Structure formats: structure tokens, C-alpha cells
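Taking it in order: structure first as C-alpha cells, then the write-up.
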Amino acid sequence: MSIQISPALPSDQEAVWKIIEPVIRAGDTYMYAPNSPKDKMLTLWFNADKYTYVAEMEGKIVGTFFLKANQPDLGSHVVNAGYMVHPDFRGRGIAEQMCRFSLTEAKRLGFKAMQFNCVIATNEVAVRLWQKCGFSIIGTLPKAYQHQKLDLVDAHVMYQWL
């Protein structure tokens, strides 16, 4: 299975929303409120401070991610990223391909390290995937996430030098 990854275009917003909406509505992996409106989420995802990408398979956008400086100024050499795959396409290696692409792309953009600020500890598939892609858990934030089904759960900070 081959995917093509490219910078997102404004015309991709509707397809990206079809990925974002079910992911945030589940309330189990992202900090965004499950009832966040479309315009808010697309503004965040396509904000000028981000490099936003889409992953296509057979001409259909099936995943999206962004890269952005994790902190301003003296911390801007560390990149942050967020990835989403449409629920219908999970389990096909798309997130791994997007992550590996993003590591190379972040280096190309001049970043020196990548940090995930909040990987929900109960999202064991993501934790294992990010570890497979070279990330280490460098800290755990106790009860930092309001999981919609499990109440308060831990979140990990994950990091790797590029």
C-alpha cells in the first residue's frame, strides 16, 4: 500500500475535516473538545504557524498531519506534530508513513528534535508506534487528560533528537 504525502492545499480543507471530525468527536486522543466546530478546527489545523500535510491513497485523502515549532524563539528548534488518520483507514500503516515522512521533513525544515507534548497513555497503539519510530517517553503527566470514557488518564511527553 502506497501513500503520497504532500503539503495541504486550501482546497483540501473539506477532506481534512472528514478526518478531524470523527477523531475529535471520540474524545480519546486529542485535547480538542469533542464538540469543537469545523471552522475552529480547520483554522487551528491550517494556521499560518503550521506546515500542514495530507496523505493520499488511491486519490483519496486518508490522513493529515502538521508540523510546527513547539516553542517560540529559543525553543523553536524543536518541532511538534499532530497526526490523524481517518477511522476507516486505520491499521494500514498510514500513521507510521506520515511519521517517518515528518521526521525527514522536519530535518529538511531545519528542526533539530521532535516532541509530542501529550500522547494519551491509554492510546497504546500510538505509544507503541511512536516508540517504533524512535521516540522515547521522557515524562508522564498524571491525570492530564479528560478521557471521554475513562475519566482522568495520564499523558506522556515523547521526544527524539533528529
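The values are calculated or read from the model by the stated rules, or taken from the named source; none is laboratory data. All values reported here derive from a predicted model rather than from experimental measurement. Note that we place each Cβ from the backbone using ideal geometry, even for glycine, and neighbour counts take in every protein chain shown.
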With respect to the numbered conditions (1) among the small types (Gly, Ala, Ser); (2) in contact with a strand residue (DSSP E or B) (Cβ under 6 Å, 6 or more places away or on another chain); (3) over 21 Å from Thr52 (Cα atoms), which one is the sole condition not fulfilled by Gly82?
(3)
Can you find a residue that is over 23 Å from Ile20 (Cα atoms) and out of contact with any Gly (no Cβ under 8 Å at 6 or more places or on another chain) anywhere in segment 77-96?
yes
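Looking at the structure I just gave you, is Leu74 among the aliphatic types (A, V, I, L, M), assigned to a strand (DSSP E or B) and surrounded by fewer than 19 Cβ atoms within 10 Å (Cβ to Cβ)?
no
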Whichever residue in segment 59-71 is of a type outside the set (Ser, Thr, Tyr) and more than 13 Å from Asp49 (Cα to Cα) and, among such residues, is surrounded by the fewest Cβ atoms within 10 Å (Cβ to Cβ)
Gly59
Quick one: in segment 86-100, which of the residues that are under 20 Å from Ala26 (Cα atoms) and part of a helix (DSSP H, G or I) is farthest from the chain's Cα centre (by Cα)?
Asp88
Among the residues in segment 49-56, are any surrounded by fewer than 12 Cβ atoms within 10 Å (Cβ to Cβ) and closer than 27 Å to Ala113 by Cβ?
yes
Are there any pairs with C-beta distances below 6 angstrom linking a residue in segment 127-140 that is among the small types (Gly, Ala, Ser) and part of a loop (DSSP other than H, G, I, E, B) to a residue that is surrounded by 15 or more Cβ atoms within 10 Å (Cβ to Cβ) and modelled with pLDDT of 95 or more, with the two at least 6 apart or on different chains, and if so which?
Gly134/Gln160
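What number of residues in segment 35-48 are within 16 Å of the chain's Cα centre (by Cα) and over 14 Å from Pro7 (Cα atoms)?
Final tally of qualifying residues: 4.
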Just checking, which of Ala144, Ala106 is modelled with pLDDT of 95 or more, more than 19 Å from Ile19 (Cβ to Cβ), touching a strand residue (DSSP E or B) at 6+ places or on another chain (Cβ under 6 Å) and not in a strand (DSSP E or B)?
Ala106
Yes or no: segment 109-122 includes at least one residue that is surrounded by fewer than 16 Cβ atoms within 10 Å (Cβ to Cβ), at negative phi and free of Cβ contacts under 8 Å to residues at least 40 places away in the same chain.
no
